[in-house]
Amino acid sequence: MKEQKLTHVDRDGGVLMVDVGCKPDTLRRAVVQSDVLLSPETFALLKDRAIPKGDVLVTAKIAGISAAKETSRLIPLCHPLFLSFVDVRFYLDESGSRIVVEAEARTSSSTGVEMEALVASQVACMTIYDMCKAVQKDIVISNSRLVHKSGGRSGTYDSEDTSGII
């Protein structure tokens, strides 16, 4: 197996922002899924849009999209990107009182959009948590993972783990 070189470390072990200036722009897409586990009572309130703070999923969608646009300000050494598309979708799993949060980011750039999709998904999950914490304290955010990426030198990746997909 070929030894992997750390891309954000220079020869002396210092921090390095990768130079992507010579890489060609390609269409890039990343999809991340995360789970929010609620009690059956909280799930029912969310589904009925009866959480006291308002419409949880609409607010979480806006928060996730907004967060994706701020990724380079939050993650050190992350390149600022022009995002051509960001979406946050929710799949309600009533039997498990689970919300599958799926974030997708797209760009035409010289670097990938995995971090933007991850940030969008996590901030959407945290927004769900924030809006529901008044009625439930033990909410769990879990199982955050890249499920698809395409574009760039490394090509396409599709996760074999489909446990989050409904």
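The table for this structure:
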item: Yes/no for Phe85 being over 10 Å from the mean Cα position of the chain (by Cα) and closer than 13 Å to Gln33 by Cβ; result: no
item: Residue within the range 131-140 that is touching a residue at least 40 places away in the same chain (Cβ under 8 Å) and closer than 27 Å to Pro24 by Cα present; result: no
item: Qualifying positions in the range 46-65 - outside any loop (DSSP other than H, G, I, E, B) and in contact with a helix residue (DSSP H, G or I) (Cβ under 8 Å, 6 or more places away or on another chain); result: Leu46, Lys47, Val56, Leu57, Thr59, Ala60, Lys61, Ala63, Gly64, Ile65
item: Boolean, Ser97 is in contact (Cβ under 8 Å) with a residue 24 or more places away in the chain, buried (at least 17 other Cβ atoms within 10 Å of the Cβ) and touching an Asp or Glu at 6+ places or on another chain (Cβ under 6 Å); result: no
item: Residue that is nearest to Ser34 (Cα to Cα), among those in the range 93-125 that are of a type outside the set (S, T, N, Q), touching a Lys or Arg at 6+ places or on another chain (Cβ under 6 Å) and part of a strand (DSSP E or B); result: Glu102
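Every number here is computed from the coordinates shown, using simple stated rules; none is lab data. Computed from a predicted model, the values in this text were never measured in an experiment. Please note: Cβ atoms are built from the backbone with ideal geometry, for glycine as well, and neighbour counts cover all protein chains shown.
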